[in-house]
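To start, the structure itself, in structure tokens.
The values are calculated or read from the model by the stated rules, or taken from the named source; none is laboratory data. All figures in this text were calculated on a predicted structure; none of them were measured in a lab. Please note: Cβ atoms are built from the backbone with ideal geometry, for glycine as well, and neighbour counts cover all protein chains shown.
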Amino acid sequence: MTATVPPLTLCLWYNGDAEEAARFYAATFPDSSLDAIHRAPGDFPGGAAGTVLTVQFTVLGAPCIGLNGGPQFPHTEAFSFQVATDTQEETDRYWDAIVGNGGAESACGWCKDKWGVNWQITPRVLTTGMADRDPDVRARVFAAMMTMRKIDHAAIEAAMRGEG
């Protein structure tokens, strides 16, 4: 049987917990799933035959592979998933799931999950404000965003209107 391989797959390096991460993503985000678990057919540096080597999963429709490669290459902010949200409730749900499951808050809509993967929970209202034709609107939205950890939709909307 031949596996179908998409033309582009994101490969994320984990320290032995790719399956746990994939299960969390599948439970947290729509259009996400744990698709396959592949065990090592033989012993390898850092692992034994039968241990989970890779995990295929989907996050918000994007195909991914989690590689249990060990501690040598931790995640950094140089790579992040950017998740567009439409409502404060949606922003809160994703943010709270990531941060509340052993993750950490950062600034300007960024957070990190417990496996070190970085996420940008980015309301579309923020993207709209940052792309506004009026440079004063962009400046106000940017200034408001710079004071936030999790993005506050109402505060961004107020900044767009020149309030606050």
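At-a-glance table
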quantity	calculated
Neighbours by Cβ (under 6 Å, 6+ apart or cross-chain): first from the stretch 16-43, of a type in the set (Lys, Arg); second assigned to a loop (DSSP other than H, G, I, E, B)	Arg39/Gly50
Leading residue by the ranking (surrounded by the fewest Cβ atoms within 10 Å (Cβ to Cβ)) among those in the stretch 72-98 that are assigned to a helix (DSSP H, G or I) and free of Cβ contacts under 8 Å to residues at least 40 places away in the same chain	Glu89
Filter result (within 19 Å of Ile121 (Cβ to Cβ) and either of a type in the set (Val, Ile, Thr) or in a helix (DSSP H, G or I) (or both)) within the stretch 23-71	Phe24, Tyr25, Ala26, Ala27, Thr28, Thr58, Val59
Top-ranked residue of the stretch 132-141 - restricted to ones that are over 26 Å from the mean Cα position of the chain (by Cα) and assigned to a helix (DSSP H, G or I), ranked as farthest from Ala158 (Cα to Cα)	Pro135
Near pairs, Cβ below 6 angstrom, 6+ apart or cross-chain, from the stretch 46-64 (assigned by TED's automatic domain parsing to the domain that holds Ala27 and surrounded by fewer than 14 Cβ atoms within 10 Å (Cβ to Cβ)) to any residue that is in a strand (DSSP E or B) and not aliphatic (A, V, I, L, M)	Gly50/Arg39
Given (1) in contact with a His (Cβ under 9 Å, 6 or more places away or on another chain); (2) within 30 Å of Val125 (Cβ to Cβ), index of the condition Leu8 fails	(1)
Any chance Arg39 is at pLDDT 95 or above, in contact with a strand residue (DSSP E or B) (Cβ under 8 Å, 6 or more places away or on another chain) and within 26 Å of Gly102 (Cα to Cα)	no
Test: residue in the stretch 142-149 that is among the hydrophobic types (A, V, I, L, M, F, W, C) and either part of a strand (DSSP E or B) or touching a residue at least 60 places away in the same chain (Cβ under 8 Å) (or both)	no
Some residue of the stretch 3-14 being surrounded by 14 or more Cβ atoms within 10 Å (Cβ to Cβ) and among the small types (Gly, Ala, Ser)	no
Residue in the stretch 110-131 that is part of a helix (DSSP H, G or I), of a type in the set (D, E, K, R) and either over 24 Å from the mean Cα position of the chain (by Cα) or farther than 30 Å from Ala22 by Cα (or both) present	no
Residue match in the stretch 19-30 (condition: farther than 29 Å from Ile151 by Cα, modelled with pLDDT of 95 or more and not aromatic (Phe, Trp, Tyr))	yes
